[in-house]
Amino acid sequence: MNAPAPRVVAEKLQHHVIYVSDLDRSRAFYEKLFNLQFSARNHPDSSAAMRLANMEMRFFSFGRYHHDICLVKHGKLKVDNGSMLHFSLTANKAGFDGIRARAAETSVAIHDGRLLASAKPRSGAFWLQDPDNHCIEVLEEIVS
Amino acid sequence: MSLVAYTPPNVLPEPLRWFAPLLKRKWFRQLVLLSPTIARRRFSNKTEDYGVFRPSDVERIGQVSIYVQDIARSKAWYEKLAGLTESRSCGPEPHPLKPGWTLRCCYMSARSHEECLVLIEERDPQGKASVPTGMSFFHTAFELSGNRLEDVFAFAEQAHADKFKRNYGPVRHNGVPPHGDGETGGNGACYFYDPDFHNIEFCVAMDTIDNYRARYGDKKGSDRA
């Protein structure tokens, strides 16, 4: 008898899509601070799904996958901070230092350490907020 | 604990979900986009139009924390549907942004991603639990084990057998029949609402820099189109 096929499970987080109130403002923020690359635009004049959903999206890549972070603006609904506390971005030592240096050049408030008191302590960690007050934690990759 | 029945405003109404599979038909997409096509406002939005990729300063998404009404209910959902496992639970702890408010956290791990998801119950100073609003993130996506197109179809079948109801998919986010829905990224995907109506995508086989190099060599941006 053949063994049953193994269950398909979640392997890892792959991408995250956040609501923003101003696509251009947030694009400038994410590109400048995190050095992300613009990879695609979905607009109600180019995408049937966006037209039906009354949304517009910008896609950004960390450099390998088509998209890792996406920004979406809803045509009618207002963004808030009531369903997500934060998301974390992990960078290598050079990337972490670069993001930190660029953040220091802006007027964005930088908070050292992890956002959640219960999160595992990391030597390289800080958090800040984007133009819509979404909390972004920046973590230095642990090299084992 | 009494749970509040709340449907966030961004949740797709049921009738729209019935029509969503039609996005896999090119004639339907053309019909939806008829107005911008006639008005000559329609434009290409494909990745090959843009000058990607080079390494950025970010390696990966490390963690996402979401508000839930009931950790036990959500934990069971993520365990059963996605195979996530609980790493640890903590709390209450002070809310980092709201003085006097508290949080309880449950850290969940995927197969090769430790503590990738944090389920959070938030309470005001009077102890009243918050209800997630739905308007912070559109969706968050997990890559499935195997990472092949057939794995997302197997996952969708597995979820259906377990009585989970998809809100969209499985589709492929490109224009290739029979599964392409005209969107971008190339990934196979299916979507589910969790118990708080957070939209959770499960995806496979997203286009990568290697795919584009194979197709276009070192051509950049519009030279690729």
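Close contacts from the range A:40-58, counting a first residue that is more than 20 Å from residue B:18 (Cα to Cα) and a second that is acidic (Asp, Glu), with Cβ to Cβ under 6 Å and a gap of 6+ residues or different chains, come to A:43/A:56.
To keep it simple, each residue is scored yes or no on (1) among the charged types (D, E, K, R); (2) modelled with pLDDT of 95 or more; (3) in contact with a Ser or Thr (Cβ under 6 Å, 6 or more places away or on another chain).
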{"position": "A:64", "(1), (2), (3)": "yes, no, yes"}
{"position": "A:74", "(1), (2), (3)": "no, yes, no"}
{"position": "A:78", "(1), (2), (3)": "yes, yes, no"}
{"position": "A:81", "(1), (2), (3)": "no, yes, yes"}
{"position": "A:87", "(1), (2), (3)": "no, yes, no"}
{"position": "A:98", "(1), (2), (3)": "no, yes, no"}
{"position": "A:118", "(1), (2), (3)": "no, yes, no"}
{"position": "A:123", "(1), (2), (3)": "no, no, no"}
{"position": "A:132", "(1), (2), (3)": "yes, yes, yes"}
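Here residue B:91 meets the list (1) in contact with a Leu (Cβ under 7 Å, 6 or more places away or on another chain); (2) buried (at least 19 other Cβ atoms within 10 Å of the Cβ); (3) closer than 22 Å to residue A:88 by Cβ; (4) within 9 Å of another protein chain (Cβ to nearest Cβ) almost entirely, failing just condition (2). Looking at (1) under 26 Å from residue A:57 (Cβ atoms); (2) buried (at least 20 other Cβ atoms within 10 Å of the Cβ); (3) more than 8 Å from chain A (Cβ to nearest Cβ), find the lone condition where residue B:113 falls short. Going through (1) under 26 Å from residue A:57 (Cβ atoms); (2) buried (at least 20 other Cβ atoms within 10 Å of the Cβ); (3) more than 8 Å from chain A (Cβ to nearest Cβ) one by one, residue B:113 breaks only (3). Of the strands (runs of 3 or more DSSP E) that lie entirely inside the range A:1-84, those containing 3 or more residues that are under 30 Å from residue B:15 (Cα atoms), under 14 Å from the mean Cα position of the chain (by Cα) and more than 7 Å from chain B (Cβ to nearest Cβ) span A:69-74. Could you list, in sequence order, the residues of the range B:194-209 that are surrounded by fewer than 21 Cβ atoms within 10 Å (Cβ to Cβ) and in contact (Cβ under 8 Å) with a residue 24 or more places away in the chain? B:194, B:195, B:197, B:209 - these are the residues of the range B:194-209 that are surrounded by fewer than 21 Cβ atoms within 10 Å (Cβ to Cβ) and in contact (Cβ under 8 Å) with a residue 24 or more places away in the chain. Entry remark, the range B:94-103: residues being surrounded by fewer than 20 Cβ atoms within 10 Å (Cβ to Cβ), assigned to a strand (DSSP E or B) and within 9 Å of chain A (Cβ to nearest Cβ) number 1 in total. When residue B:183 is tested against the conditions (1) more than 7 Å from every other protein chain (Cβ to nearest Cβ); (2) part of a loop (DSSP other than H, G, I, E, B); (3) under 22 Å from residue A:51 (Cβ atoms); (4) of a type in the set (D, E, K, R), the lone failure is (1). What do you reckon, is residue B:68 at pLDDT 95 or above and surrounded by 20 or more Cβ atoms within 10 Å (Cβ to Cβ)? Here the answer is yes, as residue B:68 does meet what is asked.
Considering the range B:170-180, and only residues there that are within 12 Å of chain A (Cβ to nearest Cβ) and not in a loop (DSSP other than H, G, I, E, B), the residue that is nearest to residue B:81 (Cα to Cα) turns out to be B:170. All conditions in (1) modelled with pLDDT of 95 or more; (2) over 25 Å from residue B:169 (Cβ atoms) hold for residue B:77, with the sole exception of (2). The set of residues from the range B:65-86 being more than 7 Å from chain A (Cβ to nearest Cβ), of a type in the set (Gly, Ala, Ser) and closer than 19 Å to residue A:85 by Cα comprises B:72, B:74.
Selection of the range B:127-144 for residues being closer than 16 Å to residue B:191 by Cα and either more than 15 Å from the chain's Cα centre (by Cα) or of a type in the set (S, T, N, Q) (or both) yields only B:140.
Scan the range B:139-169 for residues that are assigned to a strand (DSSP E or B), at pLDDT 95 or above and surrounded by 24 or more Cβ atoms within 10 Å (Cβ to Cβ) and the total you get is 4.
The values are calculated or read from the model by the stated rules, or taken from the named source; none is laboratory data. Since the structure is predicted, the reported quantities are computational estimates derived from the model, not experimental observations. Counting neighbours? That spans all protein chains shown, and the Cβs are built from the backbone with ideal geometry, glycine included.
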